[in-house]
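K.L.:
Just passing along the structure, written as structure tokens.
The values are calculated or read from the model by the stated rules, or taken from the named source; none is laboratory data. The model shown is predicted, which means the values in this text are computed figures rather than measured ones. Here the Cβ positions follow ideal geometry from the backbone for every residue, glycine too, while neighbour counts run over all protein chains shown. Keep in mind that these areas ignore ligands, DNA and RNA; they rest on the heavy atoms of the full protein, side chains included. Shrake-Rupley method; radii C 1.70, N 1.55, O 1.52, S 1.80 Å.
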Protein chains: 4
Amino acid sequence: MQKRKILNVAMIGYGFMGRAHSNAFRQVNSFFESPYELRLNTICGRDEAKLRKMAGEWGWERSMTDWQTVVDLPEIDAVDICTPNHLHEPIAVAAARAGKMVLCEKPLANSVAAAEHMAKAAQHVPSLVWFNYRRVPAVRFARQLAEEGRLGRVYHYRGLYLQSWGIHPQDPAAWRFHPEQAGSGVMGDLLSHSLDLAVWLNGPIRKLCSQVHTLAEGRKVDDAVTVLAEFMNGSIGTFEASRFATGNQNRNCFEINGSDGAIEFNLERMNHLHFNDLRHEPETQGRREILVTGPGHPYVDRFWPPGHIIGYEHTFIATLYDFLTAVAKGVRFRPDFCDGVDVQRLLEAVSVSSAQRIWMDLDQTVMLQPT
Amino acid sequence: MQKRKILNVAMIGYGFMGRAHSNAFRQVNSFFESPYELRLNTICGRDEAKLRKMAGEWGWERSMTDWQTVVDLPEIDAVDICTPNHLHEPIAVAAARAGKMVLCEKPLANSVAAAEHMAKAAQHVPSLVWFNYRRVPAVRFARQLAEEGRLGRVYHYRGLYLQSWGIHPQDPAAWRFHPEQAGSGVMGDLLSHSLDLAVWLNGPIRKLCSQVHTLAEGRKVDDAVTVLAEFMNGSIGTFEASRFATGNQNRNCFEINGSDGAIEFNLERMNHLHFNDLRHEPETQGRREILVTGPGHPYVDRFWPPGHIIGYEHTFIATLYDFLTAVAKGVRFRPDFCDGVDVQRLLEAVSVSSAQRIWMDLDQTVMLQPT
Amino acid sequence: MQKRKILNVAMIGYGFMGRAHSNAFRQVNSFFESPYELRLNTICGRDEAKLRKMAGEWGWERSMTDWQTVVDLPEIDAVDICTPNHLHEPIAVAAARAGKMVLCEKPLANSVAAAEHMAKAAQHVPSLVWFNYRRVPAVRFARQLAEEGRLGRVYHYRGLYLQSWGIHPQDPAAWRFHPEQAGSGVMGDLLSHSLDLAVWLNGPIRKLCSQVHTLAEGRKVDDAVTVLAEFMNGSIGTFEASRFATGNQNRNCFEINGSDGAIEFNLERMNHLHFNDLRHEPETQGRREILVTGPGHPYVDRFWPPGHIIGYEHTFIATLYDFLTAVAKGVRFRPDFCDGVDVQRLLEAVSVSSAQRIWMDLDQTVMLQPT
Amino acid sequence: MQKRKILNVAMIGYGFMGRAHSNAFRQVNSFFESPYELRLNTICGRDEAKLRKMAGEWGWERSMTDWQTVVDLPEIDAVDICTPNHLHEPIAVAAARAGKMVLCEKPLANSVAAAEHMAKAAQHVPSLVWFNYRRVPAVRFARQLAEEGRLGRVYHYRGLYLQSWGIHPQDPAAWRFHPEQAGSGVMGDLLSHSLDLAVWLNGPIRKLCSQVHTLAEGRKVDDAVTVLAEFMNGSIGTFEASRFATGNQNRNCFEINGSDGAIEFNLERMNHLHFNDLRHEPETQGRREILVTGPGHPYVDRFWPPGHIIGYEHTFIATLYDFLTAVAKGVRFRPDFCDGVDVQRLLEAVSVSSAQRIWMDLDQTVMLQPT
């Protein structure tokens, strides 16, 4: 192994996502041979005690409490943002202007304007938005099947992201329930993932109509949203995201029905992909439960031998690896901030459609085509 | 067993549904002790050779080719209609006016006006619309759990009816593809079932917005439809019906998420109901796969011992038994033609919503409340 | 439809199996065009009231209480036996000697000697033993895949028949718990089915070692049995049958692992077959859930359209149809009494192996090869 | 966080297990607050290039090629062994004699004598055998349910460990196929896991009878083994382990049927446990699919929020955490080398039973009782 260039990382934020990101920075080179040696240089947040604990657990070399200072530190090469949503914009813009690579949690921002501001600021630095589910091996394999034409012409797409913790009373101080901080409820938190996957797997959406609900008494952000959509390729779509879908924990699932094949995925069983190959003799056609742990499946040869399943955190590791590789090669990484803007536009259309009870036609000229 | 009153049945139509109905008439008293002795008096249709074959297979005593003559025969007590949809109205009205009980395949009619005409004509005779899936034991058990309050407050309802045979080229002469005969494609054929179940299980729908599609080149009826809905009880709903949902054969499924329990059902596994009881200790909560073959489940003690599954045709047998019992007791049977009208109104709203790209507010004053 | 020969049937016994058989006699010509017109001539048993009820429900023309008289009635063409097991032998022998076709519930007898006696008596008349699960469409399709070489060389076979009702206190008068009447507990009742399927699907067994248990205090028949086996084709097998396998209702399941394909079946989901085709590209290999309702699947085109599932009773209907067809053609029907003898020998070997704690080598020279 | 005592670890071996162990040493304090600070001091093996690569990937500070030197290094506190099986004994004995804690891959040894030798040598130092599946959260939760009496009296236990890679031609040089190095094939590799879990979950085995097979032409170790067993608690058991169970990748599964509850687990879906609670009302009893990711489930609150699944490697992390905690408290860790000896005795009984075609009665006086 030749000597690798060192990449100094600063992470702003230290919650659940901070742990998942820390793990990725720490582990990526255990599983992959990335082009960089990563140094967990600085972790930044407001609570010094929590920062020190996180630093100790994950190996961050230093903790600081002022993000503005951090993004300007000359030794920092990459800034990773996992703060409440409303801080994404100022941090990302400052980091990008300071010439750092910028990695940011989803949703990219709380408005299209903010997202566009970020994308513009980051146009000369590598950027990443953590739509990590694109790198679930089973999801990546689904995309591969679609790219190979194994689905034929797609007729239907259904994307559901169903959780149930919203029915429990919540800490009113939690930022996820503050519209100013979170921007939205399930729209930014869950629907954004479903829309990103849909566009990535099935192409741009050209029309949508939606209904946004707040089911909990007195809550200020949305708890559930349903969407009808039509894709550019003529297929019909439906989306649901909810924190009130009792009986479901983390069911980020999709089904795609095409003329030559059909696919189903469910994040609660993220090592499996269901595939129905319609080109096969009719008698033995059926929903195949493929255990996507190799051989021949994306990423997994870097993890464990076939049959040994991986967990949630590996989606971050694989995302980071692909990002580092793209950066070293000087090619565009996807999903970057421009992809984040696209999702933001869809979220805004969902919001307007529901408020005005109208169908929205999306201006595809500004929508970036997925690779 | 005391001597039972004889009920002479005439059936108009002899296709797939004719077989399912014949089986029910023939078998109901093998499994249930209904109040009537059924006589399969007359089968009626246009093709004499096919009629004779059907009569021989199922034990119809006589075959005739003119339905008008049949509905006026004095000895006939009940007229069962399984013709193409456009004939439901004239036959049902004539039969009702002749004082016969009337049983009719779904959808009740091809328009709200026709359905209302039928319901009015049948207001003094017992009527039935064959929404047979209400009597799947697992579905009936789902309703029982809902009635017992086991679901608590309902937040979400999703009803899908997914088939895939639409992608194959069809016999252009088949009545199901003629708008004049079928009235519609999946709307009447599949969505009607989903809407009937939804209203029965979760109460009236107060708003909806939909998109209706014809995916096959040159086809004159709809192949797929998607719907957003809101129920009177405040829950949100989505519906999809399609003949292009490849990978699915006959997936008439629903999921209901309530504050105290969640339910999932799929007709392709119609002997199972999935139930998640949220009143239970959290650690052992999970999606229970209940094999609804008894003991303690609706209908099934009349079929086979626990663990021995039943097939599709038993839904017709149980429906018929409940109808005969209600008739003998002089009480209203559900779903009757009034319920059929309700579904027809929903279908019409779906159609208008899609054509005009608007949300429809349903006038609930005319909507009959489910029992 | 040409005029068919009439076949007068007498059925001895009227329990659960009596209902399933009655249904088959009554319905076979509704679904299939069998070569015979069946007349449900006589039902025979000891309890006159129950007989009359059964006769009324299922259309038996006459009821009688003395089986010896019945089997000698000149007009009877076929005698069907669904009595307690110990009566199989005398009735079958008498019926066969009277020249009747003989159909008998499984297990064929309570000893190899009795079974051989029956087979010898029946060697000049058509005979049938009701191993009805051979005619589950999914099981028949599994056999077809095996015959076509789709499994390659078989390595493993596991047959389980798991029920749980044994843990409940039983009516001590029930014949199933009397060794003299039932012969055994789960061995004859459940394991016999598993062994018949195993031999039919994977060929003769050449060695076995077993353990037979009575788990309920004071019960006189076996409640559970486990078996290690080796097949003539070199594959290894295990079997379990139990009435104490809590959590299972009627899980008659098997798994076959071969060099080119693997299969799983479970009677509780009898319309599905799981197939793993190993000749396929490795990346998309997986356990396919095939809904065996056509097109192209055995029997089901006679029942309902694809996607409409069938229930337990159709296995009897399909068995009867195949029997009648074989009789009309003058060819051997399988499983006949000789197949019943084979299973009886295996059951006896299981019994001896457990009692003596030894492996049993089965004399294959007397074992009849499956077709 | 107070200052923790440093624990210097040496690992002998660097294959697949070396990666899984390295990950555990590296990550345990990111997820748990263990009492020790772990230092990945030395990795030892024969191939210097591979060692250096492993050291770089996982953070080992030093690599050495002579294990005897390593186990005697004064600074080393704990020796972890993941070499081919035949080296377990000499390394463990030397390390224990040098006063080090000893952690060893399963199976503990290639004979009872060797295992006993190791256990005796390690009697004054903490020892661990890597039966990591005891710490799958779902398996640990199964044990908890059993301990709480939720299963009642157990009737049946079935343990299967099914893989399929054995059908592919293997590198003849691989140590797993050398009897001298591996000791056995699936017996030590797979059956050992199943037996350890069975004894841990259901108590000691008192009798067994088995059949051991080599299915691949010319292979020198066993490819498949089947076992009948009887537990001390009176329940009946069956076991199968195979590398020829095509269609299965890594199906380490068990089913336990008790009077009050039944359980099913499958490693391929290791985040789920199926539980059937028979104390519940009969109508809603069913196989619950519990997603064992919290709240209230073992270990998982240290990993990710509820609904975010974990992968294979976390079983090693949780095992290591429990070991370190036990060491710090001075209490016995389970499974230790004595547990490893118990499994070895069972494996030897399996081997003898098959060779001599006899049932083996296990001398329970020497069998250590599980906690």
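K.L.:
Find the all-direction average of the projected area of the Cα convex hull for region A:40-82, expressing the result in square nanometres with one decimal place.
P.N.:
2.8 nm²
K.L.:
Right, next: What does the accessible area of A:Trp304 come to, in Å² to the nearest 10, when a probe of 1.4 Å is used?
P.N.:
10 Å²
K.L.:
What are the ³J(HN,Hα) values, in whole Hz, obtained from phi via the Karplus relation 6.51 cos²θ - 1.76 cosθ + 1.60 with θ = phi - 60°, for each residue of region A:144-153 in sequence order, with x given for Gly and Pro?
P.N.:
4, 4, 4, 4, 6, x, 6, 8, x, 7
K.L.:
Averaging sequence separations of C-alpha pairs under 8 Å and six or more residues apart, then dividing by the length of chain A, give the relative contact order as a whole percent.
P.N.:
19 percent
K.L.:
Please give the FRET efficiency for B:Lys220 paired with B:Glu37, using the beta carbon to beta carbon distance and R0 = 60 Å, rounded to the nearest 0.05.
P.N.:
After rounding to 0.05, the efficiency reads 0.85.
K.L.:
Under a Cβ-Cβ cut-off of 12 Å, what is the net charge of the residues other than D:Asn8 that fall near it, where Lys and Arg count +1 and Asp and Glu count -1?
P.N.:
Computed value for this residue: -1.
K.L.:
Further question: Give the average, rounded to an integer, of partner chain Cβ atoms located within 10 angstrom of each Cβ in D:55-61.
P.N.:
Neighbouring Cβ atoms belonging to other protein chains average 3 per residue here.
K.L.:
Can you list the aspartates and glutamates whose alpha carbon sits under 12 Å from that of D:Lys3, skipping same-chain ones fewer than 8 residues off?
P.N.:
Straight-line reach from D:Lys3, under 12 Å: D:Glu33, D:Glu37.
K.L.:
What are the label-to-label distances in nm, one decimal and shortest first, from C:Gly56 to the same spot in the other copies, with labels 7 Å along Cα to Cβ?
P.N.:
List, nearest first: 3.3, 8.2, 8.8 nm.
K.L.:
Shifting gears a bit: What number comes out for the charge environment of C:His178, summing +1 per Lys or Arg and -1 per Asp or Glu over other residues with Cβ under 14 Å away?
P.N.:
Residues near C:His178 contribute -1 overall.
K.L.:
Take the eigenvalues of the Cα gyration tensor for the protein assembly as shown, scale each by 5, and report the square roots as semi-axes in whole Å, largest first.
P.N.:
They are 56, 46, 24 Å, listed largest first.
K.L.:
Please list the non-local residues whose amide H lies under 5 Å from the amide H of B:Asn8, H modeled 1.01 Å from N, same-chain partners needing a gap of 5 or more.
P.N.:
B:Arg39, B:Asp77, B:Ala78
K.L.:
Enter the Cα centre distance for the pair region C:162-215 and region C:54-132, rounded to the nearest angstrom.
P.N.:
22 Å
K.L.:
Run through every distinct alpha carbon pair of region D:266-371 and return the Kirkwood hydrodynamic radius in angstroms, one decimal place.
P.N.:
Computed over region D:266-371, the radius equals 17.6 Å.
K.L.:
Can you pull the accessible area of B:Arg134 for me, 1.4 Å probe, Å² to the nearest 10?
P.N.:
Ignoring ligands and nucleic acids, B:Arg134 comes out at about 10 Å².
K.L.:
For B:Lys207, which sequence-distant residues (separation of 5 or more, or a different chain) have an amide H within less than 5 Å of its own amide H, given hydrogens modelled in the peptide plane?
P.N.:
Distant-sequence amide H within range of B:Lys207: B:Glu230, B:Leu362.
K.L.:
Residues of C:155-163, mean number of Cβ from any other protein chain within 10 Å of their own Cβ, rounded to a whole number?
P.N.:
Other-chain Cβ atoms within 10 Å of each residue's Cβ, averaged: 5.
K.L.:
While we're here: Along the charge dipole of region C:246-352, which of C:Ile256, C:Gly330, C:Ala318 sits closest to the positive end, that is, farthest toward it, with unit charges on the beta carbon of Lys, Arg, Asp and Glu (+1, +1, -1, -1)?
P.N.:
Checking the options against the dipole of region C:246-352, the answer is C:Gly330.
K.L.:
Hey, another quick one. For Cα pairs less than 8 Å apart in space and 6+ apart in sequence, what is the mean separation divided by the residue count of region B:248-371, i.e. the relative contact order in percent?
P.N.:
11 percent
K.L.:
If you don't mind, there's one more thing I want to ask. Excluding residues fewer than 8 places away in the same chain, name every one of the aspartates and glutamates whose C-alpha is closer than 13 Å to that of B:Lys207.
P.N.:
B:Glu230, B:Glu348, B:Asp361, B:Asp363
K.L.:
Here is a follow-up. Dipole size in debye (nearest 20) for the protein assembly as shown around its Cα centre, Lys and Arg Cβ +1, Asp and Glu Cβ -1?
P.N.:
Once rounded to the nearest 20, the dipole reads 0 debye.
K.L.:
Output the relative contact order of region B:7-68, whole-number percent, from Cα pairs under 8 angstrom with separation of 6+ residues.
P.N.:
For region B:7-68, the relative contact order is 38 percent.
K.L.:
Follow-up question, since we're still on this one. Sort largest first and round to whole Å: the equivalent ellipsoid semi-axes of region D:53-185, each the square root of five times a Cα gyration tensor eigenvalue.
P.N.:
Ellipsoid half-lengths, sorted descending, are 30, 22, 17 Å.
K.L.:
Further, regarding this structure: One decimal, nm, shortest first: give the distances between the label point of D:Gln356 and those of the same position in the other copies, each label point 7 Å from Cα along Cα→Cβ.
P.N.:
1.9, 8.7, 8.9
K.L.:
Compute the FRET efficiency between A:Lys50 and A:Trp165 as 1/(1 + (r/R0)^6), taking r as their Cβ-Cβ distance and R0 = 25 Å, and round to the nearest 0.05.
P.N.:
0.70
K.L.:
Could you sort out which of D:Lys5/D:Lys100; D:Lys106/D:Lys329; A:Lys5/A:Lys329; A:Lys100/A:Lys120; C:Lys5/C:Lys329 sit more than 18 Å apart by Cα distance in this structure?
P.N.:
D:Lys106/D:Lys329
K.L.:
So what are the ³J(HN,Hα) numbers for region D:135-142, from phi and the Karplus equation (6.51, -1.76, 1.60; θ = phi - 60°), rounded to whole Hz, Gly and Pro as x?
P.N.:
Along region D:135-142, the couplings run 9, 4, x, 5, 6, 4, 5, 4 Hz.
K.L.:
Kindly give the semi-axes, whole Å and largest first, of the ellipsoid equivalent to region A:189-288, taking each as the square root of 5 times a Cα gyration tensor eigenvalue.
P.N.:
For region A:189-288, the ellipsoid semi-axes come out as 29, 18, 10 Å.
K.L.:
Using a 10 Å cut-off on Cβ to Cβ distances, tally the other chain neighbours for every residue of C:205-218 and report the average as a whole number.
P.N.:
Average per residue, whole number: 3.
K.L.:
Relative to the compact globular guide of 2.2 N^0.38 Å, what is the alpha carbon radius of gyration of region B:152-229, as a ratio?
P.N.:
Ratio of Rg to 2.2 N^0.38 Å for region B:152-229: 1.25.
K.L.:
What gaps in nm, shortest first, separate C:Gln68 from its twins in the other copies when you place the label 7 Å past Cα toward the beta carbon?
P.N.:
Its label point is 6.7, 9.1, 11.0 nm from the equivalent points in the other copies.
K.L.:
Rounded to a whole number, what % of the accessible area of region B:293-366 do carbon and sulfur atoms account for, probe 1.4 Å?
P.N.:
55 percent
K.L.:
Tell me, what is the 1.4 Å probe accessible area of A:Phe333, in Å² to the nearest 10?
P.N.:
Accessible surface of A:Phe333 is approximately 10 Å².
K.L.:
In a Debye calculation with equal point scatterers on the alpha-carbon sites of region D:120-180 and no solvent, what is log10 I(q)/I(0) at q = 0.13, 0.29 Å⁻¹?
P.N.:
-0.74, -1.21
K.L.:
Oh, and also: To the nearest 0.05, how large is the calculated FRET efficiency for D:His124 and D:Glu281 if R₀ is 56 Å and r is the Cβ-Cβ distance?
P.N.:
Step by step, r from the Cβ atoms, then E = 0.55.
K.L.:
Karplus couplings for region C:267-276 from phi (6.51 cos²θ - 1.76 cosθ + 1.60, θ = phi - 60°), rounded to Hz, Gly and Pro as x?
P.N.:
4, 5, 10, 5, 8, 10, 10, 9, 9, 10
K.L.:
Then there's this: Determine the order of B:Thr65, D:Thr238 by accessible area, beginning with the largest, at a probe radius of 1.4 Å.
P.N.:
Descending order: B:Thr65, D:Thr238.
K.L.:
Another question, then. Can you work out D for chain B in µm² s⁻¹ from Stokes-Einstein, where Rh is the Kirkwood radius over C-alpha pairs, the temperature is 37 °C and the viscosity is 0.692 mPa s?
P.N.:
D = 155 µm²/s.
K.L.:
Still on this structure, please answer the following. Would you mind checking which residues have amide H under 5 Å from A:Phe32's amide H? H placed 1.01 Å from N; only 5 or more apart, or other chain.
P.N.:
none
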